[in-house]
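Below: the structure, in structure tokens.
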Amino acid sequence: MSKEEVLEGACLTLEQLCAAAALERGWLIRHVEEGLIPASGALVTEWRFTSVHVTRARRMHEIERTYEAAPELAALVADLLEELDQLRSRVR
């Protein structure tokens, strides 16, 4: 069973998402506060994420790091990749 399968449907805390996606806490907080990664809950301690957010955060971090992209651009690319994934799943 892969890490993605274990996380599917899970409700993760900020720390758990950071661990699952190998991200720094500050990076994730900035991206949530800027509205680039959605979170449920009003306070940082109440934020909850799903496995979809793990994939999004990983993609965004990789795009930013690899291409020195601005966070907003990385979010846009992540949006497009998510749409592509949805379209591919419909075709199957």
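The values are calculated or read from the model by the stated rules, or taken from the named source; none is laboratory data. Everything numeric in this text was worked out from a predicted model, so none of it was measured. Note that each Cβ is placed from the backbone with ideal geometry, even for glycine, and that neighbours are counted across all protein chains shown.
Quick notes
- Considering (1) of a type outside the set (D, E, K, R); (2) surrounded by 13 or more Cβ atoms within 10 Å (Cβ to Cβ); (3) modelled with pLDDT of 95 or more, the lone condition that residue 10 does not fulfil carries the number (3).
- Of the residues in segment 47-69, none is in contact with a Lys or Arg (Cβ under 8 Å, 6 or more places away or on another chain) and at pLDDT 95 or above.
- Residue under evaluation residue 35, criteria (1) out of contact with any Ser or Thr (no Cβ under 9 Å at 6 or more places or on another chain); (2) surrounded by fewer than 17 Cβ atoms within 10 Å (Cβ to Cβ); (3) in a helix (DSSP H, G or I); (4) at pLDDT 95 or above, criterion not met: (3)
- The residues in segment 39-71 that are surrounded by fewer than 16 Cβ atoms within 10 Å (Cβ to Cβ) and more than 8 Å from the chain's Cα centre (by Cα) can be counted, and the count is 14.
- Output for segment 63-80, where each listed residue is touching a helix residue (DSSP H, G or I) at 6+ places or on another chain (Cβ under 9 Å) and not in a helix (DSSP H, G or I): 69, 70
- Some residue of segment 76-92 being buried (at least 18 other Cβ atoms within 10 Å of the Cβ) and either in contact (Cβ under 8 Å) with a residue 24 or more places away in the chain or over 13 Å from residue 36 (Cα atoms) (or both): no
- Output for segment 33-48, where each listed residue is of a type in the set (A, V, I, L, M, F, W, C) and under 14 Å from residue 78 (Cβ atoms): 36, 37
So that you can scan it fast, the table gives a plain yes or no per residue for (1) touching a strand residue (DSSP E or B) at 6+ places or on another chain (Cβ under 9 Å); (2) of a type in the set (Asp, Glu):
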| position | (1), (2) |
| --- | --- |
| 24 | no, yes |
| 40 | yes, no |
| 46 | yes, yes |
| 51 | yes, no |
| 75 | no, no |
| 87 | no, no |
